[in-house]
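The values are calculated or read from the model by the stated rules, or taken from the named source; none is laboratory data. Worth saying up front: this structure is predicted, and the values here are computed from it rather than measured. Every residue, glycine among them, receives a Cβ derived from its backbone with ideal geometry; neighbour counts consider all protein chains shown. With ligands, DNA and RNA removed, areas are computed over all heavy atoms of the protein, side chains included. Shrake-Rupley method; radii C 1.70, N 1.55, O 1.52, S 1.80 Å.
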Amino acid sequence: MNFCTKCGNPLESGLKFCTGCGSPVATALATSVPAQPADAPPAEKAEASLAGEWLTSPVSAAPPPQGEWEAIGTTISDAPSRPAEVAPADEWQSMAPTPAQVPPVQRQAPPVSPSVAPEPQPAANWRPTPPVPAGVAPVQPTTSSKSSCLPALLIGLAVLALIAVLVVGGVVYVGYKVKQKATALLHQADAALPEGRQADVPSTPGHSDEKPGTPAANPPNGAAGLLEGFASMINGDQDQGDPVESVSERDHVEPCAPAPYPAQTGARIPLEQGTVITNSWGIVYQDVESTLSIRELTPASLELTSDTPKFKQDDGSEQGASSHQTTVCNDDVRSGIKYITENGTHVPPLVHGATRLRLSDKSFGEIKSTGKISMDYLSFQSYDDAEKPYHDVGVLTRVEPEDVPYPMIVNDERVTLPAIHLAGITDSPSPDPRPRKYRPNHSQSELYVIDDPLDPLVLLWRVKDPVYHDGKFRLEVVKIDFKVAKAVNTVEKQLAEQKRAVTYGIYFDFNKDTIKPESEKVLKEIVQAMTDNPDWKLTVEGHTDNIGGDAYNLDLSKRRAAAVKQALVDRYHIAPERLSTNGFGASRPIETNDTLEGRARNRRVELTRE
């Protein structure tokens, strides 16, 4: 009994193909094929070799019978040229055809003894090979897909990373635009409110938040602060400043205890009721002039009123006009160790241990005895409807051994005052509520103070640091007015002697030709001069500094001169034909426009007599 070498199926004699798997009997029979003798002719050796490739059983030494040669010849093309017998027609119909052009699968038989035929293997050990259709190439083995998946995986990760970057960038950009829009809407709402009643705008870097005199570049809070905080979180910046207790104007503060106020008799600049100090506050876009008036002297305190016009803030928005009242205890005038210039909606109006306008007697005595001062400048950081205090501290040392002349406009006349000049380095110690990026670092600071023990008025305080209004912050006194027993009409005196009078006492709203109420004193002097001299005809001239374009300043100076004439005609009934007007913008400066005090003196009104 023969067995199929493919599937192990028993084969009956005479079959050409296996009835189990369809393999040709010639390649599947486990018959014994004799090995070729060593001295066989070359043709017979090739024939035996080919036959051995197609058989899975060992070959015998005897040549195969004629019938086996005929079967083998159906699959081996280079077998001997002996013709094969053709199977009957009914056999061909029952057998699965094997196309001649499809090469049979070759299997190499394992080496065995040439004289022993192998035992038939069970059918379970054989794996059947399905027939190959005509014209189809044999299936090639597949390779591993691991190496082909790696590039696709890397590309996918790169795409995901790019999407993540775009999403985060988009969120930050949208937050920035929303912040800009929100700030713009808040400023629009602020401008729509009545004069002096501006809304609480979230503080931003360079934003004064209705706090004239502050050096602070305030970090944002409120909705804008949340957006910046989110962006900072994305950027890994978690610095929100040190924890500092908030204060506000709503806090209960112990009132000033009764104490004597220093005598003002003989003071160069008497700080008494009616004295008005005009400060010019240097920020990014312009010089802001605010007035600090002594409203009242009480047995316990000095009562002050601060008025600031509209001005353009560091972020380009317009800050509305404001007015605030503050208090300095008489005790602190004598022994306070802190100096404060800031006022605002939520800034406490009374801060114990601090002075305004002037140094305390104690601090001034330190300067006179040692040539130094331990400066402690107090300011506030806005947080919604409250404030958090911080300090700029350092030792300032006298620069020149003698007093230096300090130019000043006193009672509408240009004079010089003896001043002590000190300079040094200041820092902001902890705890500080500001994030570190908004804190000054080892800043150059300087101080000018009148050398007068009765009233050591601070003439200039400057902290030069990029976080303070791009390094432009300075608070400087540019004009002083106080009551005198017998006032001299300065305007009339100058017109009589020089035919020209220069006055700095006519005040206008920011970037406007609207005359402010504190200008009445000078307007009355002009009226008195024209009343005393009925034949005088005057020309009113307007002059500006160089902040802004030439064309704008020229137009503004002309409009302000016309406004002065209109006030004299409408309020005081001066004949209009006695007055003419002109404007020169910044084309005729009397001092340099490179300094804050120089620009302050270039903003003026001049009168010329025909």
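Quick notes on this one:
- So GLN528, is it open to solvent by 50 Å² or more (accessible area, probe 1.4 Å) and either touching a residue at least 60 places away in the same chain (Cβ under 8 Å) or closer than 21 Å to ASN411 by Cα (or both): yes
- So LEU417, is it modelled with pLDDT of 95 or more, under 30 Å from VAL605 (Cβ atoms), in contact with a Lys or Arg (Cβ under 8 Å, 6 or more places away or on another chain) and assigned to a strand (DSSP E or B): yes
- Applying the set (1) surrounded by 20 or more Cβ atoms within 10 Å (Cβ to Cβ); (2) closer than 18 Å to ARG474 by Cα to LEU304 leaves exactly one unmet item: (2).
- Looking at HIS442, HIS469, just one residue is on the phi > 0 side of the Ramachandran plot and either crowded, with 20+ Cβ neighbours inside 10 Å or modelled with pLDDT of 95 or more (or both), and that residue is HIS469.
- The stretch 307-318 - residue that is open to solvent by 10 Å² or more (accessible area, probe 1.4 Å) and part of a strand (DSSP E or B) and, of those, nearest to ASN602 (Cα to Cα): LYS312
- Scoring THR345 on the criteria (1) open to solvent by less than 20 Å² (accessible area, probe 1.4 Å); (2) of a type outside the set (A, V, I, L, M, F, W, C); (3) assigned to a loop (DSSP other than H, G, I, E, B) leaves a single failure, condition (1).
- Residue list for the stretch 389-437, restricted to those being over 23 Å from ASP455 (Cβ atoms), open to solvent by 10 Å² or more (accessible area, probe 1.4 Å) and among the basic types (Lys, Arg): ARG436, LYS437
- Test: residue in the stretch 477-492 that is in contact with a Pro (Cβ under 9 Å, 6 or more places away or on another chain) and loosely packed, with under 15 Cβ neighbours inside 10 Å: yes
- Among the residues of this structure, ILE373 counts as one that is in a strand (DSSP E or B) and surrounded by 20 or more Cβ atoms within 10 Å (Cβ to Cβ).
- Residues in the stretch 564-600 that are surrounded by fewer than 16 Cβ atoms within 10 Å (Cβ to Cβ) and among the basic types (Lys, Arg): ARG571, ARG588.
- Test: residue in the stretch 469-483 that is within 30 Å of ARG578 (Cα to Cα) and not in a helix (DSSP H, G or I): yes
- With respect to the conditions (1) surrounded by fewer than 19 Cβ atoms within 10 Å (Cβ to Cβ); (2) in a strand (DSSP E or B); (3) in contact with a helix residue (DSSP H, G or I) (Cβ under 6 Å, 6 or more places away or on another chain), ARG334 lacks only one, and its number is (2).
- Taking each residue of the stretch 506-519 that is of a type in the set (Lys, Arg) and looking for partners that are open to solvent by 30 Å² or more (accessible area, probe 1.4 Å) with beta-carbon atoms closer than 9 Å, six or more apart or interchain, yields LYS512/LYS310; LYS512/ARG559; LYS512/ARG560; LYS516/ASP307; LYS516/PHE508; LYS516/ASP509.
- Looking only at the stretch 347-375, residues that are farther than 24 Å from HIS252 by Cβ and not aromatic (Phe, Trp, Tyr) come to 18 in all.
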